[in-house]
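To start, the structure under review is shown below, and the notes come after it.
Throughout, read-outs are computed from the coordinates displayed, never taken from laboratory work. Note that the structure is predicted; figures quoted are calculated from it, not measured. Cβ placement follows ideal geometry from the backbone for every residue including glycine, while neighbour counts extend to all protein chains displayed.
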Amino acid sequence: MFGLQLESGVGFAILTYPLKRTHLKEELAFFAEHMRACGHTDCEVLFGFVWGNEYYETDHWDYERIPLHDLVDKVEQVEAMGLGQLGQDDLFVKVPGFAIEFQFCHDSDIHITYESAGEVTEFFYQRWNSRGFSPAEWLVDPHNLEHKRLRFN
C-alpha cells in the first residue's frame, strides 16, 4: 500500500487546483531544489496508478530511494519509456525524516499529506497561493467521509 500512513488516522492535506503540465514540471523541479537547499540529499519515489502497472515487475509496488538531484531525470526517463506522464499518472514523493508526502496527481494537481502543519507545509501553501494555484487545506479523517476545508485562497 502506498500513500502516507497517518499514525493517528487523522491528518491534513493541501491541494492545488489542476495545473498546466509546465507548472507541474516546474513544481517537481522546485521541490527537489528546495529540499536540497534545506540540506536533504535523498527522496523516496513511487510511481502510482497508472504507470506503476508497467514500471514495477510485480504487483508489489514500493518506494525507491534516489538522490533528490536525480528526481526530475528519473521522472523524465520513465516518461520516455512510454509508461506514463506527470499530471496524468500518480507520482508520490517523500523525503526521509519528514511525515509529509507530495503527490503529483493524475488529475494534474498536487497534494501534500501530513500529520501536523509545519514550516514546509506552510512554505508550499504560500508559494502555491502566490503562484495562483488556489491551494486549499483540508482536515482529513478516514472515519468521516466529509472532509473539512480549513482554508482556501
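Applying the Karplus relation 6.51 cos²θ - 1.76 cosθ + 1.60 with θ = phi - 60° to the stretch 123-135 yields 3J(HN,Hα) values of 4, 6, 4, 5, 4, 5, 5, 5, 8, x, 8, 6, x Hz, where x marks Gly and Pro. For the options ASP89, ASP59, ASP109, a Gaussian network treatment of the chain with springs between C-alpha atoms closer than 10 Å singles out ASP59 as fluctuating the most.
Which whole-number percent gives the relative contact order of the chain, counting Cα pairs below 8 Å spaced six or more residues apart? Could the numbers behind the result be given before it?
Numbers: 268 pairs, mean separation 51.0, N = 153.
This gives 33 percent for the chain.
Entry note, the chain: the mean residue ellipticity at 222 nm calculated from DSSP H runs of n ≥ 4, each adding -39500 (n - 2.57), is -8500 deg cm²/dmol after division by the residues and rounding to the nearest 500. For LEU19, the residues 5 or more places off, or on other chains, whose built amide H falls under 5 Å of its own are ASP109. With q set to 0.13, 0.16, 0.17, 0.20 Å⁻¹, the log10 of I(q)/I(0) for the chain, from the Debye formula over equal scatterers at the Cα positions, is -0.58, -0.89, -1.02, -1.41. Straight-distance candidates among the lysines for linking to LYS25, with alpha-carbon spacing under 21 Å and chain neighbours fewer than 8 residues away dropped: LYS74, LYS94. Distance between the pseudo-spin-label points of GLU57 and LYS148 (7 Å out from Cα toward the beta carbon): 4.8 nm.
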